[in-house]
1. Go through (1) in a helix (DSSP H, G or I); (2) crowded, with 18+ Cβ neighbours inside 10 Å and name the single condition G77 misses.
2. On the given criteria, is V160 β-branched (V, I, T), closer than 30 Å to A222 by Cα and touching a Lys or Arg at 6+ places or on another chain (Cβ under 7 Å)?
3. Of the residues that sit in segment 121-140 and are open to solvent by 40 Å² or more (accessible area, probe 1.4 Å) and of a type in the set (V, I, T), which one is farthest from T155 (Cα to Cα)?
4. Does segment 234-257 hold any residues that are of a type in the set (G, A, S), open to solvent by less than 10 Å² (accessible area, probe 1.4 Å) and within 18 Å of G136 (Cα to Cα), and which are they?
5. Which of the strands (runs of 3 or more DSSP E) found entirely inside segment 254-349 contain at least 2 residues meeting this: over 14 Å from A240 (Cβ atoms) and touching a strand residue (DSSP E or B) at 6+ places or on another chain (Cβ under 6 Å)?
6. Being free of Cβ contacts under 8 Å to residues at least 60 places away in the same chain, charged (D, E, K, R) and either surrounded by fewer than 19 Cβ atoms within 10 Å (Cβ to Cβ) or on the phi > 0 side of the Ramachandran plot (or both) is the filter here, so list the residues in segment 258-276 that pass it.
7. Got a number for residues in segment 159-200 being open to solvent by 40 Å² or more (accessible area, probe 1.4 Å) and either modelled with pLDDT under 95 or under 19 Å from D37 (Cα atoms) (or both)?
8. Looking only at residues that are β-branched (V, I, T) and touching a residue at least 40 places away in the same chain (Cβ under 8 Å) in segment 32-90, which one is farthest from A102 (Cα to Cα)?
Amino acid sequence: MSTLQAPAPSGQTPAARPATFAQALNTALADALTADDAVVVFGEDVGTLGGVFRITDGLTQRFGRTRCFDTPLAESGIAGMAVGMAMNRMRPVIEMQFDAFAYPAFEQIASHIAKMHNRTRGAVTLPIVIRIPYAGGIGGVEHHCDSSEAYYAHTPGLKVFTPATVEDAYLMLREAIDSDDPVVFFEPKKLYWSKAPVDLAELRDRYENRAPERREGRAVVARTGQDATILTYGPSVPTALAAAAAAEAEGRSLEVVDLRSIVPFDDETVAASVRRTGRVVVVAEAPGFASVAAEIVARVQERCFHSLAAPVRRVTGFDIPYPSPKLEEYYLPSVDRILDAVDDLQWED
């Protein structure tokens with residue numbers, strides 16, 4: 001199985017216009033609603049308002065209040081209703097307005113959504129997508145900027161996706177909605193307004209024609225390099241790419257792997273990169289203790305120990321509650337913190 005490379009931007013044709021991450025998600029939802037009458041979208045303020053971040057903007061007007069609608073402020077009820085609908089052959093896409101707002105729903109997610117398929121010996125599937133805007137970088141306060149992916153990744157029965165590019169925002173959300181397994185779909189809030197020259201109509205055609213170059217659960221090499229590998233995902237991908245660009249000016253060639261999917265995890269692509277470079281830095285916004293970053297380090301050590309020229313380093317959020325807006329720049333992984341970790345990889349020179 002070959003390693004996937006990040007594709008050249010599809011916006012090289014005159015028809016392509018800059019699209020935002022948010023527009024890509026909105027288009028993916030609209031296309032999924034069009035393609036399958038079983039798809040329904042609901043959550044707090046997703047209807048008339050179009051969501052706090054306007055990801056569902058216009059969907060109620062276009063598809064009606066039975067396909068995209070508002071719910072009470074009750075996350076456990078939102079998730080529980082999704083369970084019943086999915087058991088009756090519908091495909092709910094639910095929104096948790098902010099990352100930490102999802103915690104009241106966690107009992108439904110961990111006890112029922114994640115376990116129903118196994119509990120019924122495969123007789124019942126729950127094709128539910130749980131959209132969670134997550135992570136920092138927007139100047140929000142606690143309950144609005146958590147990186148809670150480890151809770152879900154640790155729960156067997158859930159897939160966990162987190163796109164970092166406009167193209168992946170569209171393609172991965174379509175994949176999630178079409179999956180027969182429940183997917184927790186983490187959307188980096190600070191990337192909602194990022195742009196790329198992507199033709200969303202071309203992406204629709206590519207997805208619906210099932211072009212084989214992008215598959216669920218695969219990582220991509222976002223930037224090739226020779227000297228060390230940065231493993232990262234979601235909101236930290238642009239920071240890692242910026243660090244790689246800065247390192248190039250200092251004479252170091254860093255490879256950046258965008259994991260895209262936390263569960264399932266692409267050990268093959270990760271191991272291939274690590275064996276090629278021999279040095280690794282893992283970058284993630286969540287606190288480092290008992291984290292996804294810690295799991296990545298363990299997997300690398302288990303599979304690539306004899307290829308490593310230095311211990312694996314991590315650059316993560318600190319083990320504290322998310323700080324106030326004035327302090328978040330010190331909490332979040334930065335280019336300087338990544339380059340410091342790279343410098344610590346026991347270079348002979």
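The values are calculated or read from the model by the stated rules, or taken from the named source; none is laboratory data. Model, not experiment: these values are computed from the prediction. Cβ atoms come from the backbone with ideal geometry, glycine included; neighbour counts cover every protein chain shown. Side chains are part of the model used for accessible areas, which takes the heavy atoms of the whole protein and leaves out ligands, DNA and RNA. Shrake-Rupley method; radii C 1.70, N 1.55, O 1.52, S 1.80 Å.
1. (2)
2. Here the answer is no, as V160 does not meet what is asked.
3. Result: I138.
4. Correct list: G234, S236, A240.
5. Fully inside segment 254-349 and qualifying: 261-263, 280-287.
6. D267, R275, R276 - these are the residues of segment 258-276 that are free of Cβ contacts under 8 Å to residues at least 60 places away in the same chain, charged (D, E, K, R) and either surrounded by fewer than 19 Cβ atoms within 10 Å (Cβ to Cβ) or on the phi > 0 side of the Ramachandran plot (or both).
7. 3
8. Here the answer is V39.
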